[in-house]
Amino acid sequence: MNLQRIVVIGAGTMGSGIAQWFAQQMCSVELVDNSQDQLHKALVVIHTSWDKLVEKEKLTSCQVNQMKKLLEVKSLDQVSKKADLVIEAIIENLQIKKDLFQKLDQDFSPSTIIASNTSSFPITLMSEAVSPERKQRFVGLHFFNPATIMKLVEVIKGEHTDATLCSQLYQWFDSKDKKPALCKDSPGFIVNRVARNFYGEPLRIVELDDEAKMKEVDKILKEVGGFKMGPFELMDLIGIDVNYSVTCSVWKAYHQEPRFAPHSLQKKMVEEKRFGRKSKRGFYKYD
Ligand code: NAI
């Protein structure tokens with residue numbers, strides 16, 4: 001498998017990290033978003049991150065100059081329709097994603113692989129938006145945040161996805177120093193299913209919007225549990241809006257099992273636009 005021309009759609013937390021990682025693999029990357037402002041922000045964040053890596057001598061300025069040339073920001077109409085791989089990393093909303101996949105299916109070459117970075121929607125369900133031929137080249141590629149650092153990539157086979165394509169993707173990521181895992185198309189796949197309780201139980205422990213208690217829970221899970229981040233810190237990193245959508249989607253998919261139930265505090269925070277680090281206010285405040 002030769003993945004050279006990549007289109008990433010959605011330049012938020014995940015899309016910008018995924019685009020950066022692919023450019024670091026020396027792939028040519030076209031990054032798209034329906035917000036010009038977000039595209040501009042993403043490019044500044046990626047370039048700043050690369051410049052810092054040069055300062056720390058983790059990359060050379062020659063490598064970074066090349067990466068900067070490889071990564072371009074564009075509108076969807078401007079991108080090359082002959083990409084090897086298109087990765088969707090837009091808002092976690094099933095209908096909006098399906099509308100996008102329908103357009104991508106029509107616009108892109110039949111050989112293009114279309115992948116979703118969804119955290120929770122079934123790949124088979126989303127593939128209803130594309131033609132029967134494309135369904136074989138429609139797959140889940142679930143990266144973790146931050147995508148440049150986290151090694152795991154869940155490769156999710158939908159009912160119609162070509163099994164050989166999944167194996168080839170697995171091998172490709174393996175050869176690029178990621179740790180791929182082949183997953184069944186079940187709600188939340190592996191990590192987001194297990195992690196529901198890592199978020200849900202701490203929310204039920206603190207009950208109220210009490211920062212001191214949250215700090216205490218985060219501290220205990222890091223110091224005693226050995227986790228790198230506490231659950232409240234992690235939810236702020238993920239994005240409260242994204243995490244709430246994923247919680248609702250997994251809960252519904254498991255027929256509203258109480259152990260997956262969303263917490264009223266998540267809903268309240270979304271309504272108050274306390275989205276976590278990206279809005280500078282989540283469970284904690286950020287400058
Ligand atoms: P985000 O809210 O940071 O970014 C989403 C971006 O998509 C925004 O910049 C928005 O302008 C853009 N967008 C929305 N609709 C669009 C459209 N129709 N066309 C083009 N751009 C559009 O969200 P985030 O966190 O990056 O999540 C994106 C996807 O990745 C979601 O499906 C989420 O479940 C998944 N994910 C999120 C993780 C996280 O830790 N935040 C981890 C792994 C997966």
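The values are calculated or read from the model by the stated rules, or taken from the named source; none is laboratory data. Bear in mind that the values here come from a model prediction, so they are computed numbers and not experimental data. When we count neighbours, we look across all protein chains shown, and the Cβ atoms used for this are built from the backbone with ideal geometry, even at glycine. The area values use the complete protein model at the heavy-atom level, side chains included, leaving out ligands, DNA and RNA. Shrake-Rupley method; radii C 1.70, N 1.55, O 1.52, S 1.80 Å.
Calculate, for the chain, the solvent-accessible area per residue in square angstrom, rolling a 1.4 angstrom probe over the heavy atoms of the protein chains.
Values: 14200 Å² over 287 residues.
Ligands and nucleic acids excluded, the result is 49 Å² per residue.
Looking at the square roots a ≥ b ≥ c of the eigenvalues of the Cα gyration tensor of region 192-279, which shape do they give, rounded for a/c under 1.5, prolate if a/b is larger than b/c, or oblate? Mind dumping the intermediate values first?
Values: a/c = 1.64, a/b = 1.24, b/c = 1.32.
Cα axes put region 192-279 in the oblate bin.
For region 132-198, compute the number of Lys pairs whose alpha carbons are separated by less than 21 Å, excluding pairs fewer than 8 positions apart on the same chain.
10
If one computes the Cα centroid of region 245-287 and of region 1-53, what distance in Å separates the two points?
For region 245-287 versus region 1-53, the Cα centre distance is 26 Å.
Sort 95-107, 133-145, 273-285, 234-246 for me by packing, meaning the mean count of neighbouring Cβ atoms within 10 Å per residue, highest on top. Write down the numbers at each step before the final one.
Working: 95-107: 15.8, 133-145: 20.9, 273-285: 17.7, 234-246: 23.0.
Per-residue Cβ counts within 10 Å, averaged per peptide and sorted highest first, yield 234-246, 133-145, 273-285, 95-107.
How would you rank 202-212, 8-18, highest first, on the average number of other Cβ atoms within 10 Å across their residues? Before the final figure, lay out the partial values.
On the way: 202-212: 13.6, 8-18: 25.5.
Top of the packing list down: 8-18, 202-212.
What net charge do the residues around Leu237 carry, taking every other residue with its C-beta under 15 Å from that of Leu237, with Lys and Arg at +1 and Asp and Glu at -1? Before the final figure, lay out the partial values.
Values: positive: Lys222, Lys228, Arg274, Arg277, Lys278, Lys280, Arg281, Lys285; negative: Asp218, Glu233, Asp236, Asp241.
Net charge in that neighbourhood comes out at +4.
Could you tell me what fraction of 2.2 N^0.38 Å the Cα radius of gyration of region 5-184 comes to, as a two-decimal ratio? Don't jump to the answer; show the numbers that get you there.
Working: Rg = 15.6 Å, N = 180, 2.2 N^0.38 = 15.8 Å.
That ratio works out to 0.98.
Once you keep just the Cα pairs under 8 angstrom separated by 6 or more residues, what percentage relative contact order results for region 192-279?
Values: 81 pairs, mean separation 28.7, N = 88.
Relative contact order for region 192-279 comes out at 33 percent.
Taking the Cβ of Val7 as the centre, find all other residues whose Cβ is under 11 Å away and add up their charges (Lys, Arg: +1; Asp, Glu: -1).
Values: positive: Arg5, Lys74, Lys81, Lys82; negative: Glu30, Glu72, Asp84, Glu88, Asp107.
With Lys, Arg at +1 and Asp, Glu at -1, the net is -1.
Could I have the simple spin-label model distance between Leu182 and Lys268, label points 7 Å from Cα toward Cβ, reported in nm to one decimal?
4.6 nm
Please tell me the relative contact order of region 5-56 in percent, rounded to the nearest whole number, where contacts are Cα pairs under 8 Å and at least six residues apart. Mind dumping the intermediate values first?
Working: 52 pairs, mean separation 19.3, N = 52.
Reported relative contact order: 37 percent.
Over the chain, what is the mean sequence separation of C-alpha contacts under 8 Å (at least six apart), divided by residue count, expressed as relative contact order in percent?
Details: 485 pairs, mean separation 39.2, N = 287.
RCO, the chain: 14 percent.
What's the magnitude of the charge dipole for the chain around its Cα centre, counting Lys and Arg as +1 and Asp and Glu as -1 at the beta-carbon? Answer in Debye, nearest 20.
On the way: 41 positive and 37 negative charges, 60 e Å.
That gives the chain a dipole magnitude of about 280 debye.
With only Lys, Arg, Asp and Glu charged, each at its Cβ (+1 for the first two, -1 for the last two), find how big the charge dipole of region 82-152 is about the Cα centre; round to the nearest 20 debye. Each step should come with its number before you reach the end.
Values: 8 positive and 8 negative charges, 27 e Å.
Charge dipole, region 82-152, about its Cα centre: 140 debye, nearest 20.
For Thr164 and Lys81, calculate 0.36 nm times their separation in residues minus their Cα-Cα distance, and state this gained length in nm to one decimal. Kindly include the intermediate steps, with their values, before the conclusion.
Working: separation 83, 0.36 × 83 = 29.88 nm, distance 2.32 nm.
Extra length available between Thr164 and Lys81 comes to 27.6 nm.
Rounded to the nearest percent, how much of the accessible area of region 5-184 (1.4 Å probe, protein heavy atoms only) is carbon and sulfur? Working shown, then result.
Numbers: 4210 of 8290 Å².
Here it works out to 51 percent.
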